[in-house]
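I have placed the structure first, in the form of structure tokens, so that the comments after it can refer back to it.
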Amino acid sequence: MAQSDLALARRLLAGEEAAFEEFFAAYFPRLYRFARVRLGGDEDAAEDVVQTTLIRALDKLHTYRGEAELFTWLCTFCRREIATWFERTGRTADVSLADDRPETRAVLDAITALSRDDPESELHRRELSRLVQTVLDHLPGRYGDALEWKYIEGLSVQEISGRLGLGYKAAESLLTRARQAFREGFALVVAGQLDRARFESGPREG
């Protein structure tokens, strides 16, 4: 998939009109759904965010090296624009665990080694990906980006430091803080899921 994505990126950089049509047809709807669920269902905001995302991504397309799927790469931009939208509007992000869309799971498929062939494992994989995505989306600062670059795109600390505009040691320190924030956030999310499961199951018969 990454190789075909890289081929599309090269066609876009070459100014091929058909490539732009293919790009927008393939990624606008997926990013729109990705953004809408994170913006509380605000369709107008989602459309604005995705348009800005695609413009910024195209401007940086020369940096795409095909090491991750293009959609994964685009989601990094989209997440940043969503955060900017919340800052600009003064609204608060709603941390929801109801997001189980395929495109959300696709961003983090690489985090799990669970078998895709076993239906039960597939359910666990989907749930895990959904919970991880929820936590990444709400980490402070650049923590979510740094963790995705490290563990999904497989970038080195040196490469991450370049993207962040930091020195090697500073990037290493940021990753350490990001991992700690992720562990704490994930523990809270899982605890919330367990509490919800207990509530929904109701009292057990004696």
**Message:** Could you check region 157-196 and list, in sequence order, the residues that are small (G, A, S), surrounded by fewer than 18 Cβ atoms within 10 Å (Cβ to Cβ) and modelled with pLDDT of 85 or more?
**Reply:** G162, G165, G167, A170, S173
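Test of understanding: among T84, T72, which residue is modelled with pLDDT under 90, among the hydroxyl-bearing types (S, T, Y) and surrounded by 14 or more Cβ atoms within 10 Å (Cβ to Cβ)?
Values: T84 fails: surrounded by 14 or more Cβ atoms within 10 Å (Cβ to Cβ).
Result of the check over T84, T72: T72.
Rundown of residues vs (1) without any contact (Cβ under 8 Å) to a residue 24 or more places away in the chain; (2) assigned to a helix (DSSP H, G or I); (3) within 12 Å of the chain's Cα centre (by Cα), yes/no style:
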site: G41; (1), (2), (3): yes, no, no
site: L54; (1), (2), (3): no, yes, no
site: G66; (1), (2), (3): no, no, no
site: C75; (1), (2), (3): no, yes, yes
site: E87; (1), (2), (3): yes, yes, no
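For region 1-24: of the residues being among the aliphatic types (A, V, I, L, M) and under 20 Å from the mean Cα position of the chain (by Cα), which is surrounded by the most Cβ atoms within 10 Å (Cβ to Cβ)? Give the steps one after another, and end with the answer.
From region 1-24, those among the aliphatic types (A, V, I, L, M) are 1-2, 6-9, 12-14, 18-19; that's our starting set.
Now drop any that are not under 20 Å from the mean Cα position of the chain (by Cα), which leaves 1-2, 6, 9.
Values: M1: 12, A2: 15, L6: 15, A9: 22.
Top of the filtered list is A9.
The values are calculated or read from the model by the stated rules, or taken from the named source; none is laboratory data. If you're wondering where the values come from, they're calculated on a predicted model, not measured in any experiment. Positions of Cβ are backbone-derived with ideal geometry, glycine not excepted, and every protein chain shown enters the neighbour counts.
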